[in-house]
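As structure tokens, the structure follows; a few thoughts come after it.
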Amino acid sequence: MATIKIKPLGDRVIVEPIEPKEVMKGGIIIPDTAKEKPMEGKVVAAGPGALNKKGERMPMDVKVGDKVLYGKYSGTEIKLDDIKYLIMHQEDILGILG
């Protein structure tokens, strides 16, 4: 994995989407136009955490390397070195796969 050249701020994370397998159980190949946007990815960078009303830093629930599930329309897509990533708030992450 390449080093990310961008550092997320606050409670934002950068997620590299994990593309679903292209062949289904029955050997059917799904064309790109019929595929759904992936909702699973790997956290490649995480911010330091948001500040609460007292100005204290809130710890992040996710860390680099976590495999996560996120909402279908979560995050903002960016492209760095021809790799697509999503920048999203930690609250857009539904859960950590373990």
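The values are calculated or read from the model by the stated rules, or taken from the named source; none is laboratory data. Small disclaimer: the values here were computed from a predicted structure and weren't measured. Neighbour counts run over all protein chains shown; Cβ positions are idealised from the backbone, glycine included.
Just one of the numbered conditions (1) modelled with pLDDT of 95 or more; (2) at positive phi is not true of residue 87; which one?
That leaves (2) as the condition not met.
Suppose we filter 21, 5, 42, 63 for residues that are outside any strand (DSSP E or B) and modelled with pLDDT of 90 or more; which single one remains?
Residue meeting the stated conditions: 63.
Being modelled with pLDDT of 95 or more and of a type in the set (Gly, Ala, Ser): is that true of residue 34 here?
So residue 34 fails the test.
From the set of residues in the stretch 47-98 that are without any contact (Cβ under 8 Å) to a residue 40 or more places away in the chain and polar (S, T, N, Q), which is farthest from residue 16 (Cα to Cα)?
52
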